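Below you'll find the structure, written out as C-alpha cells, and then a few comments.
Since every read-out is calculated from the coordinates, none of them should be taken as a lab result. Worth saying up front: this structure is predicted, and the values here are computed from it rather than measured. Glycine gets a Cβ as well: all are built from the backbone with ideal geometry, and neighbour counts include every protein chain shown.
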Amino acid sequence: SVMGTIASIGLSVELIDSSKPVLGLSRLHNDIKISGRTTRDMVDKGVDLGKALRDSSNNFGGTGGGHDIAAGAMIPYESKDKFLHLFDEMIEYQLNND
C-alpha cells in the first residue's frame, strides 16, 4: 500500500510525469508487488490499469487487477523485465486503440 500511496502523491504534486501511468515495485522474497496509478485524463484516453496489470501478470504466472485508475499485481521476481516490457506494450495498445 505504501508504493501506491507514493505513486499517487507523486502524480498529484506533479513530481511524476502524469502523461504516463506510474508503477511502484517492491520485492518480497521471490516475488514483486506492483502498484499502478494513473490520472483521470489518461483513463479518458483509454488507459485501464486493472486490465493491463491483470493481463500482463497472468502471462507470467502472477495475479493482478483493480480499477482503471489504480490497480496492482504480484509476479515472480525473475519475470520483472519481461513483465514491464509487456505492460508497456499493453498501455501503448490501449492508448492507440481507444
Added length on full extension, which subtracts the Cα-Cα distance from 0.36 nm per residue, Lys82 to Thr63 = 5.3 nm
query = Going by how many other beta carbons lie within 10 Å of each one, how would you line up Ile34, Ile69, fewest first?
reply = Ile69, Ile34
